[in-house]
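J.: My questions all concern the structure below.
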Amino acid sequence: MSKETLGFQAEVKQLLQLMIHSLYSNKEIFLRELVSNASDACDKLRFDATQHPDLYEGDGELNIRVSFDKAARTVTIADNGIGMRRDEVVANIGTIARSGTKEFFSQLTGDSAKDSHLIGQFGVGFYSAFIVADKVTLTTRRAGETAATRWESAGDGEYTLEDVEKTGRGTEIVLHLKDGEDEFLNDWRLRSVITRYSDHINLPILMPKRAEHDDEGKELPPSGEWEAVNQANALWTRSKSEISDEQYKEFYKHVSHDWEEPLAWSHARIEGRQEYTELLYIPKQAPFDLYERERRHGVKLYVKRVFIMEDTEKLMPQYLRFVRGVIDSADLPLNVSREILQQSRDVEAIKTGCVKKVLGLLEDLAENRKEDYASFWQTFGKVLKEGVGEDFTNKERIAALARFASTANEGSEQNVSLADYIGRMKEGQEAIYYITADTFAAAQHSPHLEVFRKKGIEVLLLSDRVDEWFASSLTEFDGKPLQSVAKGELKLDAFADEAEKQQQEAAETEFKSVLDKVKAALDGQVKDVRVTTRLTDSPACLVVENHDMSANLERLLKSAGQ
Ligand code: ADP
Ligand code: MG
């Protein structure tokens with residue numbers, strides 16, 4: 001196919017402008033992003049080559065090369081990874097083929113510091129090249145194919161595509177620097193950016209060997225050799241004492257594709273029946289696709305430091321789908337296929353171990369970094385709560401991590417744990433009381449709470465969508481039953497004084513004829529009509545039996561069309 005000119009998706013244009021403005025103060029990160037992509041491309045090739053070794057085309061030494069040309073004013077980043085076909089270039093580089101794009105634009109605030117965190121989430125790392133370049137030329141050949149493609153753009157709304165020749169497989173990106181960006185035409189500058197942001201990269205990042213000097217101090221002509229700038233050993237294989245917090249954070253940004261720092265991490269080498277290393281992170285912010293069925297990122301699996309795959313289901317349960325990081329197994333076969341992984345008991349055992357680590361990390365946060373835990377809960381609490389229904393073994397631990405709004409609080413903040421609640425239970429109180437509703441306001445104003453307010457008994461206010469599931473999966477905690485205030489008999493007898501009991505009995509006799517009439521009028525629509533001490537202000541309320549579906553769940557199911 002000959003040269004063609006295509007327009008960027010409208011959003012890409014907008015994003016480019018935004019990115020250039022909001023990231024200019026931190027412009028050197030373009031190199032981090034391009035190196036990160038090159039490293040991903042090599043990982044992908046390595047995985048595909050486990051099944052199709054021909055893809056190496058006799059060149060199995062994967063690496064990334066960074067160089068510059070002072071005269072041409074260009075910086076070049078090249079890799080011998082998987083490369084892209086023409087259609088992949090269009091799909092990956094010309095569009096933001098991400099479902100959350102609209103939402104993204106609606107979240108922008110105009111505050112560049114805030115917005116730059118959002119930008120990173122949308123898989124737009126490649127475009128950061130335009131922070132320093134006014135023209136970008138990408139030439140790429142997919143491993144195993146002959147045709148190569150050249151993509152070129154000035155970042156102004158259009159790009160060209162043409163078929164070209166390329167001997168080596170992989171991708172080469174040439175940045176034609178803008179006026180004033182000459183600082184990157186400098187060996188020392190490029191090396192220091194690489195060391196700062198990309199030292200953890202698992203394969204060599206090469207730069208031309210520095211020029212030697214002769215005896216009189218004169219620079220000798222370049223030798224044409226390359227040398228590694230980074231340590232090029234996998235970060236997670238180093239011992240903890242050798243890794244700085246900065247390095248842990250940069251590695252997180254690479255594996256997660258997040259531009260924000262992580263909230264916390266756990267790094268451990270596990271020995272025993274399964275031998276593996278895990279380095280798992282809790283993000284600060286939720287990815288935009290947290291609630292989508294198809295998610296872009298998850299945890300990466302390596303076998304003996306060779307990347308196998310990134311997985312969004314097999315390595316972490318659904319309720320921990322926000323966790324990012326790597327697991328490196330010492331035992332799994334290197335040519336393990338995705339199909340084998342689906343059923344592998346070894347993978348299952350690793351997953352079980354990693355879940356325990358993550359729960360331990362969260363418990364530690366909850367105990368020792370309360371503010372951070374509160375922000376974690378606000379961001380991911382709804383997801384974690386799914387675990388009570390999903391993970392039978394760890395149910396109690398997950399329930400202990402849950403936080404709720406409560407009648408003991410002023411506002412809607414979810415900060416009461418079940419243990420807090422139990423610690424405040426009244427003399428003679430047997431159950432943990434809760435109410436579920438569509439919204440916090442509906443829960444807070446429910447007539448069912450009247451009697452509890454009167455008697456000073458705390459009630460947990462559950463109004464997240466997942467809460468119905470949570471409450472029906474957790475029947476007790478720490479030996480105390482969970483009891484909906486809208487279900488069955490409340491067993492508040494212990495709190496009724498003599499006068500109240502007499503009042504109830506008197507009322508039952510006095511209103512017998514009323515009750516009978518109401519029962520007759522509602523025949524077939526309700527099971528029973530009772531006199532109650534539940535209410536103080538409202539004349540009547542609906543109650544379901546203990547084992548019946550709650551009214552709120554019925555509403556949810558109806559709205560879901562069931
Ligand atoms: P992300 O890395 O978060 O997916 P980027 O904007 O950095 O977002 O890259 C977009 C996509 O372009 C990548 O997912 C990948 O498919 C493709 N891509 C970018 N750089 C390369 C490269 N060097 N080799 C192969 N594919 C690449
Ligand atoms: Mg990227």
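J.: Looking only at helices (runs of 4 or more DSSP H) that lie completely in region 297-401, which have at least 1 residues being crowded, with 22+ Cβ neighbours inside 10 Å?
T.: 345-368, 370-385, 387-390, 395-401
J.: Further question on the same structure: Can you pull out every residue in region 25-42 that is part of a helix (DSSP H, G or I), away from ligand 2 (no atom under 12 Å from the Cβ) and of a type outside the set (A, V, I, L, M, F, W, C)?
T.: S25, N26, listed by residue number.
J.: Quick check: is even one residue across region 362-384 among the charged types (D, E, K, R) and under 20 Å from D289 (Cβ atoms)?
T.: Within region 362-384, one or more residues are among the charged types (D, E, K, R) and under 20 Å from D289 (Cβ atoms).
J.: Restricting attention to region 73-85, does a residue exist that is within 16 Å of ligand 2 (Cβ to nearest atom) and farther than 27 Å from V193 by Cα?
T.: Among the residues of region 73-85, not one is within 16 Å of ligand 2 (Cβ to nearest atom) and farther than 27 Å from V193 by Cα, which makes the answer no.
J.: Looking at region 58-106, which of its residues are part of a loop (DSSP other than H, G, I, E, B), modelled with pLDDT of 95 or more and polar (S, T, N, Q)?
T.: Once the filter is applied, which keeps residues that are part of a loop (DSSP other than H, G, I, E, B), modelled with pLDDT of 95 or more and polar (S, T, N, Q), region 58-106 yields N63, N80.
J.: Please determine whether any residue of region 543-561 is loosely packed, with under 12 Cβ neighbours inside 10 Å and at pLDDT 75 or above.
T.: Looking through region 543-561, none of the residues is loosely packed, with under 12 Cβ neighbours inside 10 Å and at pLDDT 75 or above.
J.: Going residue by residue through region 143-155, is there one that turns out to be modelled with pLDDT of 95 or more, of a type in the set (D, E) and closer than 23 Å to T5 by Cα?
T.: Checked against the condition, which is being modelled with pLDDT of 95 or more, of a type in the set (D, E) and closer than 23 Å to T5 by Cα, region 143-155 yields at least one hit.
J.: Show me the strands (runs of 3 or more DSSP E) entirely contained within region 147-202 in which 2 or more residues are within 18 Å of A41 (Cα to Cα).
T.: Passing ranges, in order: 148-153, 170-177.
J.: If you don't mind, there's one more thing I want to ask. Determine the pairs where a residue that is without any contact (Cβ under 8 Å) to a residue 40 or more places away in the chain, located within region 69-85, has a partner that is assigned to a loop (DSSP other than H, G, I, E, B) and aromatic (F, W, Y) with Cβ atoms under 8 Å apart, the partner being 6 or more residues away or on another chain.
T.: none
J.: Regarding G125, is this residue among the small types (G, A, S), surrounded by 17 or more Cβ atoms within 10 Å (Cβ to Cβ), within 16 Å of ligand 2 (Cβ to nearest atom) and at pLDDT below 95? Spell out how you get there, then give the answer.
T.: On the way: among the small types (G, A, S): yes; surrounded by 17 or more Cβ atoms within 10 Å (Cβ to Cβ): yes; within 16 Å of ligand 2 (Cβ to nearest atom): yes; at pLDDT below 95: yes.
Yes: the conditions hold for G125.
J.: Please name all residue pairs, on different chains or six or more residues apart, with Cβ atoms under 6 Å, provided the first residue is in region 37-61 and is closer than 23 Å to H254 by Cβ and the second residue is more than 16 Å from ligand 2 (Cβ to nearest atom) and in a helix (DSSP H, G or I).
T.: D48/L55; A49/L55; A49/Y56
J.: Looking at (1) more than 11 Å from ligand 1 (Cβ to nearest atom); (2) in contact with a Ser or Thr (Cβ under 9 Å, 6 or more places away or on another chain), which is the only condition G81 fails?
T.: Going through (1) more than 11 Å from ligand 1 (Cβ to nearest atom); (2) in contact with a Ser or Thr (Cβ under 9 Å, 6 or more places away or on another chain) one by one, G81 breaks only (1).
J.: Then there's this: Could you tell me which numbered condition W236 fails, if it satisfies all but one of (1) closer than 26 Å to A286 by Cα; (2) in contact with a Gly (Cβ under 9 Å, 6 or more places away or on another chain); (3) surrounded by fewer than 20 Cβ atoms within 10 Å (Cβ to Cβ)?
T.: It is condition (3) that W236 fails.
J.: Take the residues in region 246-275 that are more than 16 Å from ligand 2 (Cβ to nearest atom) and touching a Gly at 6+ places or on another chain (Cβ under 8 Å); name whichever of them is farthest from F376 (Cα to Cα). Give the derivation first.
T.: At the first step, the residues of region 246-275 found to be more than 16 Å from ligand 2 (Cβ to nearest atom) are 246-249, 261-275.
Checking which are touching a Gly at 6+ places or on another chain (Cβ under 8 Å) leaves us with 265-266, 270, 274.
Working: W265: 13, S266: 15, I270: 26, Q274: 30 Å.
The residue in question is Q274.
J.: From the set of residues in region 239-275 that are over 20 Å from L365 (Cα atoms), crowded, with 20+ Cβ neighbours inside 10 Å and among the hydrophobic types (A, V, I, L, M, F, W, C), which is modelled with the lowest pLDDT?
T.: Once the filter is applied, the top-ranked residue is W259.
J.: Scan (1) under 13 Å from L461 (Cβ atoms); (2) touching a Lys or Arg at 6+ places or on another chain (Cβ under 9 Å) for the single condition E410 breaks and write down its number.
T.: Single failed check for E410: (2).
J.: I'd like the residue in region 8-29 that is hydrophobic (A, V, I, L, M, F, W, C) and over 23 Å from the mean Cα position of the chain (by Cα) and, out of all such residues, is farthest from ligand 1 (Cβ to nearest atom).
T.: Step by step, filter region 8-29, then rank; the result is A10.
J.: When region 457-470 is examined, which residues are found to be in contact (Cβ under 8 Å) with a residue 60 or more places away in the chain and over 23 Å from the mean Cα position of the chain (by Cα)? Let's see the steps before the verdict.
T.: Here is the first cut: in region 457-470, the ones in contact (Cβ under 8 Å) with a residue 60 or more places away in the chain are 464-470.
E468, the sole residue that qualifies.
J.: Would you mind stating whether V75 is closer than 17 Å to L177 by Cβ and within 16 Å of ligand 1 (Cβ to nearest atom)?
T.: Spelling it out, V75 is indeed closer than 17 Å to L177 by Cβ and within 16 Å of ligand 1 (Cβ to nearest atom).
The values are calculated or read from the model by the stated rules, or taken from the named source; none is laboratory data. Note that the structure is predicted; figures quoted are calculated from it, not measured. Positions of Cβ are backbone-derived with ideal geometry, glycine not excepted, and every protein chain shown enters the neighbour counts.
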